[in-house]
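This report refers to the structure that appears directly beneath it.
The values are calculated or read from the model by the stated rules, or taken from the named source; none is laboratory data. Just so it is clear, the model here is predicted, and its values are computed rather than measured. Every residue, glycine among them, receives a Cβ derived from its backbone with ideal geometry; neighbour counts consider all protein chains shown. SASA here: full protein model, heavy atoms, side chains in, ligands and nucleic acids out. Shrake-Rupley method; radii C 1.70, N 1.55, O 1.52, S 1.80 Å.
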Amino acid sequence: MKKSLLVLALAAVTAAPSFAMAEAGDIVVRLRATNVNPSESSNLGRQTAQTYSAGVADTLYGPNGTNAVLQVDSNTIPELDISYYFTKNIAAELILALGTRHDVQTSNGGVIHKLGSVNLLPPTLTAQWHFMPDTMFDPYVGAGVAYVRAMDRSLNYEGIAPIRIDRNSFGGVVQAGFDVNLTDKWLVNFDVKKIWFDTTVKVDAAVLGAPGFRKIDSLDIDPLVVSIGIGKKF
């Protein structure tokens, strides 16, 4: 009887699917759907009043214009990332989003003025620690740096005042997520990142008799980035 049970157990192990865990030297390519949700902090009205005067802020943004802020909407984009495993615990991940377009507007007491949209390219590099590498469920944490390239930064206030943001920005990143290892070196991935970066906002207020681009805000964008997707080990 014991011999029969042993034979059955060995047969079950042999027939069970083989989950491929990452090892040193492995490359993992993931394709993810990514939601980029800014958590902006803006002092648009107060900074405009400091740069020009409180009256200019009221002229641009309406009564009590010093209370105006900039708002940036969220967007969902495709993302490609590549990981290299130095050991089964330590990996480096390069995130190559295809560019994320965000609508930008001013808000003052519920009064909205649309400024247009910006297109940001945010390649990100993180170092990861995989603390359960030999299991089907493979969680990790990471940290790194993001470079944000503003490929399209042409905004305009009411068609009369051109607005620009910085072309290049850098920021810190923290990351947490997990892979679910499947058969044939496939995996399912869930990932959350927080990125901290800011940009200088300038306006050419020639219509107000003050030509030349001048700073009107230091906009902290600080997005929460949530991704889900599939991957393949090579």
With more than 16 Å from the chain's Cα centre (by Cα), farther than 19 Å from ASP222 by Cβ and in contact (Cβ under 8 Å) with a residue 60 or more places away in the chain as the only criterion, which of THR59, THR106, THR66 stands out? THR59
Which one of THR51, THR76, THR34 is surrounded by 19 or more Cβ atoms within 10 Å (Cβ to Cβ), of a type in the set (Val, Ile, Thr) and at pLDDT 85 or above? THR34
Test: VAL145 is modelled with pLDDT of 95 or more, out of contact with any Pro (no Cβ under 8 Å at 6 or more places or on another chain), open to solvent by less than 30 Å² (accessible area, probe 1.4 Å) and closer than 25 Å to LEU120 by Cβ: no
Please go through segment 162-197 and pick out each residue that is charged (D, E, K, R) and at pLDDT below 95. ARG164, ASP166, ARG167, ASP184, LYS185
Segment 156-174, subset closer than 14 Å to LYS215 by Cα and assigned to a strand (DSSP E or B), residue nearest to the chain's Cα centre (by Cα): ILE165
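Among the residues of segment 175-227 satisfying the criterion of being of a type in the set (Val, Ile, Thr) and within 13 Å of the chain's Cα centre (by Cα), which is nearest to TRP129 (Cα to Cα)?
Initially, segment 175-227 is screened for residues of a type in the set (Val, Ile, Thr), giving 180, 183, 188, 192, 195, 199-201, 203, 207, 216, 221, 225-226.
With within 13 Å of the chain's Cα centre (by Cα) added as a condition, the list becomes 192, 195, 221, 225-226.
Values: VAL192: 14, ILE195: 18, ILE221: 27, VAL225: 19, VAL226: 19 Å.
Looking at the filtered set, the residue picked out is VAL192.
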Restricting attention to segment 207-225, does a residue exist that is surrounded by fewer than 18 Cβ atoms within 10 Å (Cβ to Cβ), modelled with pLDDT of 95 or more, β-branched (Val, Ile, Thr) and closer than 30 Å to TYR84 by Cα? no
